C-alpha cells in the first residue's frame, strides 16, 4: 500500500468528509444498492482514504457504479457521508485530460425512444468533465 | 396564490404529462405556476463536491429569480427538486461556496439562500393543504390500490430535504388517501431504481427496479405513482406489469381536469 498524502488531502478537501469518524460498522455497504457491482465498497472507500491508499480507488470501475442515491449518507450512524468520498475520488479521476467515462459517440447506443433527457444529463454530469 | 415554477429539461420533452397535469391541477386548486423565464437545466444530479461551482449556477439563478419575485420556488421533478434544494442549502450553510458563487454572479447581485423551495407534493401538503385537496376531488379514486414510489431523490439527504421521515414517509400515501384511494405501503418505496446507472450497467438497473416492482405488487399494488421521469423509465423498461404513472396525472384525474388536456 502506498500512502499518498497529497491525494488524501485533496479528497478530504473536495468531499469535506472526515474519514476518521468512521467506526467500521459497515452499514453504508450493507445498504448500498450497487454493492454487488463494486470492487471496493463504500466502507472501503472511507477506510482507504483514511489510510491514504487512493490510487487503487482512482483506477477502479467502482467509481462509476455509485448511484448517488444518498442511502449511505442518511443511514450512517456517524454522519461520515461515504457517497461524498466516492464523488470526490471520481471527480479526481475524470478531471484528468481525456479521462471522461462517457462520450457523445456512445449516446446512440444508449438511447431508445423513451429515454428521458434526465438520464443523459445525469450520466454526463456524473461521468464527464 | 402565485408561485415560481421550475419545470426542468425532461418535463418539456419526454415527461410532458408530468408538467401539463401539474399546471392543470394547480389551476384547479387556485395556484398559478409562473414558469421562470429562461430557466436552465439543473444538471440532473447534485454534485456534492465542495469545489464544484459552475455546475450549480443554473440552480442559483432560478432561486434568485424566485427570490426577486418574493415567491416560493416549486419543482415537480424529483431530480430538479433535489438539485435545487441542495444548492440552496449549500448557499445557506457554506459561506466559502456562497462567496465564490456570488463573485461569479456579481453583476446580478448577491444571493444567500433566502428563497423557500417546495416540491409540488410539499406545496399540496403545506400550502394548499390535504383537507382542501380532499374537498376539490370530483372523481374519487375509491377502491384503487396505489403504491407510492419515492425513490432516492425525494427524501435524501434528509438533513437537507426535510420533506418527511426518510425511512417511513407519509407525504405520498397521504396524497393518495386525499384522492380517495387506498395507499399501499411496502418496504422498498424509498430504495433507488438505479437512476443513471442504466447507461453504465443496465442489468443493475433491472435488478433494482424489479425488486421494487415485485415488492409493491406483493403488497397488493395495482398501480405505482412517481414524481421522477427516470424512475418511471427504469420501472417501465424493466418489466413493470402494472401501470406506473406520474402523481400529477392521478391528481388531474381526481380533480376532473384530465380530460381537458391533450397530453
query: Of (1) without any contact (Cβ under 8 Å) to a residue 24 or more places away in the chain; (2) within 14 Å of chain A (Cβ to nearest Cβ); (3) surrounded by fewer than 16 Cβ atoms within 10 Å (Cβ to Cβ), residue B:169 satisfies all except one. Which?
result: (3)
- request: Kindly establish whether residue A:96 is touching a residue at least 12 places away in the same chain (Cβ under 8 Å) and either more than 13 Å from chain B (Cβ to nearest Cβ) or surrounded by fewer than 16 Cβ atoms within 10 Å (Cβ to Cβ) (or both).
  value: no
query: Can you find a residue in segment B:247-257 that is within 14 Å of chain A (Cβ to nearest Cβ), within 20 Å of residue B:156 (Cα to Cα) and touching a residue at least 40 places away in the same chain (Cβ under 8 Å)?
result: no
task: Determine which member of the set B:133, B:127 is out of contact with any strand residue (DSSP E or B) (no Cβ under 9 Å at 6 or more places or on another chain), outside the structural domain of residue B:30 (by TED's automatic domain parsing), under 29 Å from residue B:257 (Cα atoms) and surrounded by fewer than 24 Cβ atoms within 10 Å (Cβ to Cβ).
output: B:133
query: Which one is surrounded by the most Cβ atoms within 10 Å (Cβ to Cβ), of the residues in segment B:136-152 that are touching a residue at least 40 places away in the same chain (Cβ under 8 Å), in a loop (DSSP other than H, G, I, E, B) and away from chain A (no Cβ under 14 Å)?
result: B:141
- prompt: What number of residues in segment B:34-46 are more than 7 Å from chain A (Cβ to nearest Cβ) and without any contact (Cβ under 8 Å) to a residue 40 or more places away in the chain?
  reply: 7
task: Name the helices (runs of 4 or more DSSP H) wholly inside segment A:9-114 in which the number of residues that are within 27 Å of residue B:231 (Cβ to Cβ) is 2 or more.
output: A:27-31, A:42-51, A:71-75, A:82-94, A:107-110
- prompt: Within segment B:47-78, how many residues turn out to be within 13 Å of another protein chain (Cβ to nearest Cβ) and either surrounded by fewer than 24 Cβ atoms within 10 Å (Cβ to Cβ) or out of contact with any strand residue (DSSP E or B) (no Cβ under 7 Å at 6 or more places or on another chain) (or both)?
  reply: 15
message: Checking the condition assigned by TED's automatic domain parsing to the domain that holds residue A:16, more than 13 Å from the chain's Cα centre (by Cα) and under 22 Å from residue A:3 (Cβ atoms), which residue from A:76, A:51 passes?
response: A:51
- prompt: Residues of segment B:87-126 being at positive phi and within 23 Å of the chain's Cα centre (by Cα), which ones?
  reply: B:113
message: Quick check on segment B:223-243: of everything there that is part of a helix (DSSP H, G or I) and buried (at least 24 other Cβ atoms within 10 Å of the Cβ), which residue is farthest from the other protein chains (Cβ to nearest Cβ)?
response: B:235
- line: Taking segment B:184-209 and the residues there that are surrounded by 24 or more Cβ atoms within 10 Å (Cβ to Cβ) and assigned to a loop (DSSP other than H, G, I, E, B), the one that is farthest from the other protein chains (Cβ to nearest Cβ) would be B:193
query: Consider residue B:142 against the criteria (1) under 19 Å from residue B:182 (Cβ atoms); (2) touching a strand residue (DSSP E or B) at 6+ places or on another chain (Cβ under 6 Å): it satisfies all of them except one. Which criterion is unmet?
result: (2)
query: Across segment B:211-222, what is the number of residues that are in a helix (DSSP H, G or I) and either touching a helix residue (DSSP H, G or I) at 6+ places or on another chain (Cβ under 9 Å) or in contact (Cβ under 8 Å) with a residue 40 or more places away in the chain (or both)?
result: 6
task: Please state which of the following conditions residue B:52 fails to meet, knowing it meets all the rest: (1) out of contact with any helix residue (DSSP H, G or I) (no Cβ under 8 Å at 6 or more places or on another chain); (2) free of Cβ contacts under 8 Å to residues at least 24 places away in the same chain; (3) not in a helix (DSSP H, G or I).
output: (1)
Residue satisfying condition, being within 10 Å of chain B (Cβ to nearest Cβ) and either farther than 22 Å from residue B:207 by Cβ or touching a strand residue (DSSP E or B) at 6+ places or on another chain (Cβ under 7 Å) (or both), within set A:107, A:89: A:107
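The values are calculated or read from the model by the stated rules, or taken from the named source; none is laboratory data. All of these numbers come straight from a predicted model, not from anything done at the bench. Glycine also receives a Cβ, built like all others from the backbone with ideal geometry; neighbour counts cover every protein chain displayed.
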